[in-house]
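Asks: Submitted below is the structure of interest, expressed as structure tokens.
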Amino acid sequence: MGQKTHPIGIRLGLTKQSCSRWYARDEDYAFFLREDKCLRDYVFQFCCQCIISKIKIERRRVGIRLRISIAQVRFFIGLEGRALETLRQKLCQKCRSFRSKYFQHFSFSKTSFKEGKRPKIQIFVRQLGCPEVNAQCLTDFIVFELEKRTPFRRILRIVQERARSLGQVLGLRLQISGRLNGAEIARTEWVRSGRVPLHTFSVDLDYTCRDVRTVYGLLGIKVWIFRSVG
């Protein structure tokens, strides 16, 4: 069962909370969901050089609040907050363009949300205390090394050593799939250290997956981190 369901989605309401916190009517749910995905994708694309762990979105009337957890806060904010203000303006423009396209293609929708409402976006940034025990940060490090054509076995060994040195990780599992090192036949390689209880819902299990484009093709990366028992 642990391999057939999403490790985060199956723990929502137990040890994990949803990244989108808002209440919507039945006719507004699809609109809010599509807009949240659009905003998240743009933030990851705009700040591709930063290591972003999580983006939480809250809605209150017309306002939208983005709470971003990131490793390099100074680099993300920029000098005197200029980069942060630029991102906020870009998100407002992206939100307006998304709503115009959405109501143009889905004019039959019975949503009670109007196109003319201008979004008021607020961004709050929080620095991660220990990025090495975060699955998203480890995945970004693996992607960065694979793009530099570093052998994948060396990458897995470095990540394991980093996680063990901190002492906060009880278990770690790493998996890479695809044409590894340019092999003709795609395969899956994975390593595990410690315990990774996928079937226990009460544990604090962090998980992320991501794909990376290399000269050999598309590679898939999955990371499981078992940090503590709830």
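Asks: Past the 32 Å Cα-Cα mark, which pairs from Lys101/Lys222; Lys4/Lys120; Lys4/Lys37?
Replies: Pairs exceeding the cut-off: Lys101/Lys222; Lys4/Lys120.
Asks: Could you compute the FRET efficiency for Arg126 and Ile185, with r as their C-beta to C-beta distance and R0 at 35 Å, rounded to 0.05?
Replies: Efficiency computed from Cβ-Cβ geometry: 0.20.
Asks: If you don't mind, there's one more thing I want to ask. Using a Gaussian network model of the chain with C-alpha springs under 10 Å, which one of Ala30, Ala71, Ala135 is most mobile by mean-square fluctuation?
Replies: Most flexible of the set in this elastic network: Ala30.
Asks: Right, something else. Rounded to whole Å and sorted largest first, list the principal axis extents of the Cα atoms in region 9-127.
Replies: 44, 36, 22
Asks: Shifting gears a bit: Pick out, in residue order, every one of the trypsin sites (Lys or Arg not before Pro) in region 48-93 that is DSSP loop and has at most 11 other C-beta atoms within 10 Å; say none if there are none.
Replies: Within region 48-93, the qualifying trypsin sites (Lys or Arg not before Pro) (loop, at most 11 other Cβ atoms within 10 Å) are Arg61.
Asks: Which of the cysteines found in the chain have nothing to pair with, since no other Cys Cβ lies under 4.7 Å from theirs?
Replies: Cysteines of the chain left without a disulfide-compatible partner: Cys19, Cys38, Cys48, Cys92, Cys95, Cys130, Cys137, Cys209.
Asks: For q values of 0.09, 0.12, 0.14 Å⁻¹, compute log₁₀ I(q)/I(0) with the Debye formula on a Cα-only model of the chain, without solvent.
Replies: Ignoring solvent entirely, the Cα scatterers give -0.46, -0.80, -1.03.
Asks: While we're on this one: When a footprinting reagent is the concern and you count Cβ atoms within 10 Å, what order do Val143, Val159 take, fewest first?
Replies: Final ranking by Cβ density, sparse to dense: Val143, Val159.
Asks: Share of antiparallel DSSP beta bridges in the chain, in percent to the nearest 5?
Replies: The antiparallel fraction comes to roughly 75 percent.
Asks: Given +1 on the Cβ of Lys and Arg, -1 on the Cβ of Asp and Glu, and no further charges, what dipole in debye does the chain carry about its Cα centre, rounded to the nearest 20?
Replies: With Lys and Arg at +1 and Asp and Glu at -1, about 500 debye.
Asks: Related question: Can you sort Trp224, Trp22, Trp190 by how many other beta carbons sit within 10 Å, fewest first? Can you show the working numbers first?
Replies: Details: Trp224 22, Trp22 15, Trp190 12.
Neighbour counts put them in this order, fewest first: Trp190, Trp22, Trp224.
Asks: Run the simple label-point estimate for Tyr23 and Glu147 please: 7 Å along Cα→C-beta, distance reported in nm.
Replies: In this crude label model, Tyr23 to Glu147 measures out at 4.2 nm.
Rule-based calculations on the coordinates, nothing more; no lab input. Predicted model only: the values in this text are computed from it and were never measured. Every residue, glycine as well, gets a Cβ built from its backbone with ideal geometry; the counts of neighbours run over all protein chains shown.
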